[in-house]
Amino acid sequence: MLDNKKTKFERSVGKIRMESFGTTSRRNGRIDSHNFLQDIVNLRDISGALTPISASRKKAEHKSARGGFTFGGKPMGFFLHKVLLPLLLLFFVGCAEMPVYREEVFYPKIKQPAVTVKLLETEENIIIAPKESFVIRCFNEKGGRAVYYASDSIRVGVWGEGIVLSEGTQNEFERDLNKVSFLPQKDDSYLFLNGKPYRGALEVVLGPKNLQGKNPKSLLVLNIVYVEDYLKGVVPAEIGKLSDQEIEALKAQAVAARTYSLSRLGQYENLGYDLEASVVDQIYTGAEGENPLVNEAIEDTKGKVLAFGEKLIHAYYHANCGGRTEYIERVWDKPQEPYLISVDDDNFCSWAKNYSWEETWSKEDLEKNLSAFLDSIGLLPKDGSTMLTTRGFGNLVDLIIKERSLSGRIEVLEVVTDSGTYQIYRDKIRWALKRGSDPNLILPSTLFDLEIERRFDNSIESIIARGHGNGHGVGMCQTGAIGMARKGYSHEDILTHYYPGVNIVKSY
């Protein structure tokens, strides 16, 4: 539809105007608002071009003109009251509901620096709506483009090889698109994705094609947003909504999250975005989670980042370190960093509920968790079945802690079965064991002890893990940061405690 818009736009003005008035859909007509009001004033001439006025009507009008302005034999007051005002009302109401095409448009600009966040990948239709009004920019693979203004919700779906736009459940006005951008016309406004508000712009692109190379069936929804606005949806989701007494912890979280965001620009460049809106990167809830105190902390630290030498640091953080943070190389297969080392923190984070934990598994439940993990990394012997079972895993005989780090975290866990022995390393232990209370969640930490309860024949009946901390343990301990703030430490004190040797600099 992008390719034939110019032809439609170049139709006679009268025909387009009447087409727009005569139907509830504007997919075949484009309205120029500047000239449109003048066309209404000149409606008699436009109507005359489409419906000729008889000679007798012209004579009557000429005669009555001596007594004042008339229209169709009626006084001009009648025309203004009965014809012009209803048409004006219809025009403005229509503009509030229907996408209106524009040849030229002022494009709202996203403040910089900005990040692109993946919000959603779905095969379902989505609804995007503005708080007031927005600009819709449409693109296809041939380089064609179209621009609309709208103030009502737009339905976005996939049909055939491209994206389809429609008003509600019908009135399709664009198709065969490969990208659509939605931009609010006011800088301080926001857009709704399936009813959930987001600042900045929303962009919808086609999801990646499947392995067979068939047409894509999914939509990828991205949020391009000024990093300071992005933080308004990250900080409260990551550390919570705190009190005035704890604002320095909020400031520390804002600086750490800002640093993390800017250091990750382009990390998924081949996929078209910078960050995931989940624990894969940072939890991001958009505008619905905003909080005035959090926004104040973000504004007070605007542009502040953490640097070591000339580079932004890897500003990892976690919920609770269990009394001591960990060296990065002891958790993941990553190089050493002089600022990501083990720091004593027991005085600051031991107050929190997530400081201690306990999980219990039955033998059968733990076998299921371990066999699924080992199979996922290709270590489980195949038993000839296409369905996942514990037969290749065998019977669990023992769990042995082979090595610990200086902080007490388990570095090597040996899993002994009657069909083989396996070793699981560092943070992967959390993913292998999962929680006995909810196998959909990973274990809180690797800082724990094991107790194995056995039957009279020495077979395992159940396993109990008692541990400390919540998270990987690298970088800033969030509950420790809150504890430090309560004791009067500044956000600078908090950040240099958890990231020793770094500098806090103003980047913009």
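Please treat every number below as a calculation from the coordinates, not as lab data. Everything numeric in this text was worked out from a predicted model, so none of it was measured. Because the Cβ atoms are built from the backbone with ideal geometry, glycine has one as well, and the counts that use them run over all protein chains shown.
Ranked by the mean number of other Cβ atoms within 10 Å of their residues, highest first, the peptides 191-201, 271-281 come out as 191-201, 271-281.
How much net charge surrounds TYR508 when only other residues with a Cβ under 13 Å from its Cβ are counted (Lys, Arg +1; Asp, Glu -1)? Before the final figure, lay out the partial values.
Numbers: positive: LYS111, ARG258, LYS302, LYS304, LYS506; negative: GLU228.
Every neighbour counted, the sum reads +4.
Using R0 = 45 Å, the C-beta based FRET efficiency linking GLU296 and VAL416 works out to 0.25.
Taking the Cβ of each residue in GLU269, GLU414, GLU359 as the centre, tally the other Cβ atoms inside 10 Å and list the residues starting with the fewest.
Numbers: GLU269 10, GLU414 14, GLU359 20.
Placing the least packed residue first, the sequence is GLU269, GLU414, GLU359.
Rounded to the nearest 0.05, what FRET efficiency do LYS109 and LYS311 have when you use their Cβ-Cβ distance and R0 = 30 Å? Write down the numbers at each step before the final one.
Working: r = 28 Å, r/R0 = 0.95.
According to the calculation, E is roughly 0.60.
Amide H contacts of ARG324 (H built 1.01 Å from N, in plane; Pro and chain starts excluded): ASP345 sit under 5 Å, all sequence-distant by 5 or more or on other chains.
Cross-linked pairs LYS186/LYS304; LYS334/LYS428; LYS241/LYS506; LYS368/LYS428; LYS196/LYS304; LYS196/LYS232: Cα-Cα separations exceed 21 Å for LYS186/LYS304; LYS241/LYS506; LYS196/LYS304.
Peptides 120-128, 484-492 ranked from most to least packed by the mean count of surrounding Cβ atoms within 10 Å: 484-492, 120-128.
The listed peptides 229-238, 439-448, 372-381, ordered by packing as a protection proxy, come out as 229-238, 439-448, 372-381 (highest mean of other Cβ atoms within 10 Å first).
Which shape class, rounded, prolate or oblate, goes with region 262-327 when its Cα gyration tensor gives a ≥ b ≥ c as root eigenvalues, a/c under 1.5 marks rounded, and past that a/b bigger than b/c marks prolate? All intermediate terms of the calculation are to be shown ahead of the outcome.
Working: a/c = 1.24, a/b = 1.02, b/c = 1.22.
Rounded shape, in that the Cα axes give a/c under 1.5.
Rounded to the nearest Hz, the phi-derived 3J(HN,Hα) couplings of region 228-244 under the Karplus curve 6.51 cos²θ - 1.76 cosθ + 1.60 (θ = phi - 60°) are 5, 6, 4, 4, 5, x, 9, 4, x, 6, 8, 10, x, 9, 9, 8, 4, where x marks glycine and proline.
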